[in-house]
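Novice: I'd like to ask you about the structure that follows.
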Amino acid sequence: MSEKEIHIPRIIIAGTHSGCGKTTVATGLMGALTARGLKVQPFKVGPDFIDPTHHTAICKRSSRNLDPFMMGKDEVTRTFVAASQGADIAVIEGVMGLHDGIDGTGISSTADCAKILSCPIILVCDVKGMSRSVHALIRGYTGFDPAVTCSGVIYNRGGSERHRSMIGLEETIPSFGWIPRNDILTVGSRHLGLAMAGEGDGLEKSSAVIEECCNIEGIIKAAATAPPLPVNKDERSNEPERVRIGVAMDRAFCFYYAENLTRLRRAGAELIFFSPMTDHLPDVDGLYLGGGYPELHAEALEESPCRKEIKKAAEEGLPIYGECGGLIYLSRSLETDDKRYSFAGVVPADAEMKSRFVALGYIDGEVHHSSSSFQKGLSLKGHEFHYSTMHPDRDTRYAFILKRGKGIVDQQDGIIAGETIAGYSHIYFSDRFAEELVAMAKKNSSE
């Protein structure tokens, strides 16, 4: 192994489909390994915000998203290697089924990440209602793409010992575990996915089950078979912290890509975390209001003095960037089934909650409005997932145009209001995007 390579033991917990139990297995494995004294670096394939909160709570290390579409293949490797420094093992939770990617392709699938990172996988199979048939399923999944290395399988939701013995008759791939059906491991959900970390204890209890039912030593050995990865020296050094950017972080605003925060710091920002529900607006040079659940905490957000303080600061020229939940909060009002709430009133629009999701999927676009704070032509990639619609004024201006995705209206996103830009897109920050956000704050601090 050369000085430009590093060996990081790693394993991907993949699934045959959504709901097969891979989150339970992945988080349980993270907990079991942590309980053994290992430093575990967690990851999540795809744009998910919720699963990483559980990973971070369990491993006490910030979970990172790995998404080839949003990041690019080289950035997947760079992020993985950088985040894994000092860890004993990395555990990556997959997304959907092993081979499920964008628009029916394999792009940004769990298998795609496995190939990029030369990472062995363990396939989680829900065997309820199956015996011998599971082997046909396994052979299909593991043989579909020869470039993907499947080290073994974990059988989930198993039944009796007879059920287990029937499946064991024709095994052609190593078994790393047999997990009986267990209602204790059921995780609560809400309209945007699983409950956040701290809102239920199902996943926290899974580590004891994985320790009891799975071959942990075998999994560790499988992870150690992963080959070395290249170390790409980051030519960008951390800038001295010269500006303060406030970041809303509480139960209402909790959807952030960890790498976005890292890039803001690297670009020269000191991040000041605060709660718009309970705190006053801190003394900052700019604001970043991420996504989350403002609709679940609308009354507290309406009553908090922070709402009017943000409105006043925006009128005085404070640069603000908001996305999804942040967009809703920056609007004039939010209408739910039974009430209308007054919000910050920074952007010329009103929000309305719907009973089912309005948009779900990746976005691909660019900055297109010359009067926006971002440089025209800047490429944007990310994700949108929301249950609300916006009703903007007819003369509203937009900073972003999307080639892929819905945005706010007619594939336009990022409402411009003074020095504020707020849209539905959860953008995965490029270095340049983060640098321009910090530049806005620096300009404000010097005026």
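The values are calculated or read from the model by the stated rules, or taken from the named source; none is laboratory data. Fair warning: this is a prediction, and the values are worked out from it, not measured in the lab. When we count neighbours, we look across all protein chains shown, and the Cβ atoms used for this are built from the backbone with ideal geometry, even at glycine. Accessible surface is based on the protein model in full, side chains and every heavy atom, while ligands, DNA and RNA are left aside. Shrake-Rupley method; radii C 1.70, N 1.55, O 1.52, S 1.80 Å.
Novice: From the helices alone, meaning DSSP H stretches of at least four residues, give me the mean residue ellipticity at 222 nm for the chain, per-run term -39500 (n - 2.57), in deg cm²/dmol to the nearest 500.
Specialist: Result for the chain, helices only: -8500 deg cm²/dmol.
Novice: Helices from the chain with mean Kyte-Doolittle at least 0.0 and a Cα length along the axis of 18 Å or more, per DSSP H: which?
Specialist: 22-35
Novice: Hey, what does the equivalent ellipsoid look like for segment 4-150, semi-axes from the Cα gyration tensor as sqrt of 5 times each eigenvalue, largest first, whole Å?
Specialist: Ellipsoid semi-axes (Å, largest first): 23, 18, 14.
Novice: With 10 Å bins from zero, work out the P(r) of segment 1-48 over every alpha carbon pair and list the percent per bin.
Specialist: 21, 44, 26, 9, 0
Novice: Consider all pairwise Cα distances in segment 124-164 and report the whole-number % of them above 17 Å.
Specialist: Tail fraction, whole percent: 32.
Novice: Over the chain, give the accessible area per residue in Å² for a 1.4 Å probe, as an integer.
Specialist: In whole numbers, the chain has 42 Å² accessible per residue.
Novice: With a point put 7 Å past each Cα toward its Cβ, work out how far residue 354 is from residue 271 in nm, to one decimal.
Specialist: Calculated label separation equals 3.1 nm.
Novice: In whole angstrom, how far apart do the alpha carbon centroids of segment 404-447 and segment 125-142 sit?
Specialist: Result: 46 Å between the Cα centres.
Novice: Which links in 4/221; 60/381; 44/406 stretch past 32 Å when you go from one Cα to the other?
Specialist: Check vs 32 Å cut-off fails for no pair.
Novice: Next question, about the same structure. Within the accessible area of the chain, what % is carbon and sulfur when the probe is 1.4 Å and the other protein chains stay in place?
Specialist: Taking all protein chains in place, the chain shows 48 percent carbon and sulfur surface.
Novice: Percent relative contact order of the chain, based on C-alpha pairs within less than 8 angstrom and at least six residues apart?
Specialist: It rounds to 13 percent for the chain.
Novice: If you take the square roots of the eigenvalues of the alpha-carbon gyration tensor of segment 39-104 and sort them as a ≥ b ≥ c, do you get rounded (a/c under 1.5), prolate (a/b over b/c) or oblate?
Specialist: Oblate, because a/c is 1.5 or more while a/b does not exceed b/c.
Novice: Could I ask something else about it? Hey, what do the phi angles of segment 113-119 turn into as Karplus ³J(HN,Hα) couplings, whole Hz, using 6.51/-1.76/1.60 and θ = phi - 60°, x for Gly and Pro?
Specialist: For segment 113-119, the Karplus curve yields 5, 4, 6, 4, 9, 6, 10 Hz.
Novice: In the chain, what is the volume of the convex hull around the alpha carbon atoms, normalised per residue and reported in Å³?
Specialist: Hull volume over Cα atoms, normalised by residue count, gives 146 Å³.
Novice: Would you please give the residues with an amide H less than 5 Å from that of residue 397, counting only those at least 5 places away or on a separate chain, with H modeled from the backbone geometry?
Specialist: 416
Novice: Highest mean first, what order results for 117-128, 397-408 on Cβ atoms within 10 Å?
Specialist: Top to bottom by mean Cβ count within 10 Å: 117-128, 397-408.
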